[in-house]
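Report on the following structure.
The values are calculated or read from the model by the stated rules, or taken from the named source; none is laboratory data. The structure displayed is predicted, hence computed values, not measured ones. Here the Cβ is made from the backbone with ideal geometry for all residues, glycine too, and neighbour counts use every protein chain on show.
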Amino acid sequence: MRTLVVTLIGIVAFASGVMLGFKLDSTEAADPPPISAAVPPAAVEATRVALLEAAEAGDYDALRPLLPTEFRYTFGGPVEGGPIAHWQTLERTTDERPLEALAAILKMPYVLSRGYYVWPWAYTVAERADLSEHERELLAPLGSPDELVLDGTGYLGWRAGFEPDGTWAFFVAGD
């Protein structure tokens with residue numbers, strides 16, 4: 001059953017990527033960000049699906065076995081208790097909802113950048129003006145482009161990256 005679910009998710013991700021690719025090929029946007037329409041490697045997809053299930057369930061314990069020793073979760077130093085403690089603190093002390101953000105981005109198309117498979121695809125967007133109307137709609141569950149993309153700096157919203165072997169490498173927000 002799990003294989004069927006992973007396969008169906010892969011097909012949906014592929015179809016979404018293809019549809020996004022058709023939109024990006026239009027004359028609406030000059031120099032669109034590099035979006036991949038291909039399905040990621042099986043190991044990456046398996047990790048993405050496991051993370052998505054845990055995030056949608058709000059289950060931090062299900063995330064623990066997916067966290068590697070080397071993992072980036074903050075631009076500051078390590079937080080006592082590690083990534084999960086950091087995300088839970090954010091939930092208690094801010095309006096940030098890391099698991100909701102993780103679930104939302106893992107449902108979006110991805111981009112291959114600097115050897116990592118990164119969700120969402122907006123990771124490589126440098127300027128708000130680079131976004132087509134369709135891409136703005138794709139980002140809507142995360143916030144407005146004014147909140148997510150700082151011109152000259154790029155996309156600053158939550159993003160998750162995976163190594164080609166499926167290892168979860170990072171989940172951060174900000175700069």
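Number of residues in the stretch 60-100 that are farther than 24 Å from Ala126 by Cα and either part of a loop (DSSP other than H, G, I, E, B) or without any contact (Cβ under 8 Å) to a residue 12 or more places away in the chain (or both) equals 21. For the stretch 113-171, a residue qualifies if it is polar (S, T, N, Q) and part of a helix (DSSP H, G or I), and exactly one does: Thr124. Among the residues of the stretch 38-85, those that are under 18 Å from the mean Cα position of the chain (by Cα), farther than 21 Å from Glu100 by Cβ and small (Gly, Ala, Ser) comprise Ala38, Ala42, Ala43, Ala46.
Within the stretch 101-116, the residues that satisfy the criterion of being of a type in the set (Gly, Ala, Ser) and either closer than 13 Å to Trp158 by Cα or free of Cβ contacts under 8 Å to residues at least 12 places away in the same chain (or both) are Ala101, Ala103, Ala104.
Go through the stretch 68-90 and report how many residues are among the polar types (S, T, N, Q) and exposed (fewer than 12 other Cβ atoms within 10 Å of the Cβ). Give the derivation first.
Taking the stretch 68-90 first, the residues among the polar types (S, T, N, Q) are 69, 74, 88-89.
Among the residues that remain, those that are also exposed (fewer than 12 other Cβ atoms within 10 Å of the Cβ) are: 69.
Residues in the stretch 68-90 being among the polar types (S, T, N, Q) and exposed (fewer than 12 other Cβ atoms within 10 Å of the Cβ): 1 in total.
Filtering Ile105, Ile35, Ile84 for residues that are out of contact with any Lys or Arg (no Cβ under 8 Å at 6 or more places or on another chain) and either among the aliphatic types (A, V, I, L, M) or modelled with pLDDT of 95 or more (or both) leaves a single hit, Ile35. Residues in the stretch 44-67 that are surrounded by 18 or more Cβ atoms within 10 Å (Cβ to Cβ) and among the hydrophobic types (A, V, I, L, M, F, W, C): Val44, Ala50, Leu51, Leu52, Ala54, Ala55, Leu63.
In summary, Ala103 fulfils each of the numbered conditions (1) outside any helix (DSSP H, G or I); (2) within 11 Å of the chain's Cα centre (by Cα) with the single exception of condition (1).
When Ala122, Ala160 are screened for being within 26 Å of Ala54 (Cβ to Cβ) and within 8 Å of the chain's Cα centre (by Cα), only Ala160 passes.
Annotation note: of Leu148, Leu142, Leu138, Leu156, the sole residue that is under 30 Å from Leu66 (Cα atoms), without any contact (Cβ under 8 Å) to a residue 24 or more places away in the chain, of a type outside the set (Gly, Ala, Ser) and surrounded by 14 or more Cβ atoms within 10 Å (Cβ to Cβ) is Leu156. Applying the criterion of being within 15 Å of Trp168 (Cα to Cα) and hydrophobic (A, V, I, L, M, F, W, C) to the residues of the stretch 112-133, the residue that is surrounded by the fewest Cβ atoms within 10 Å (Cβ to Cβ) is Leu112.
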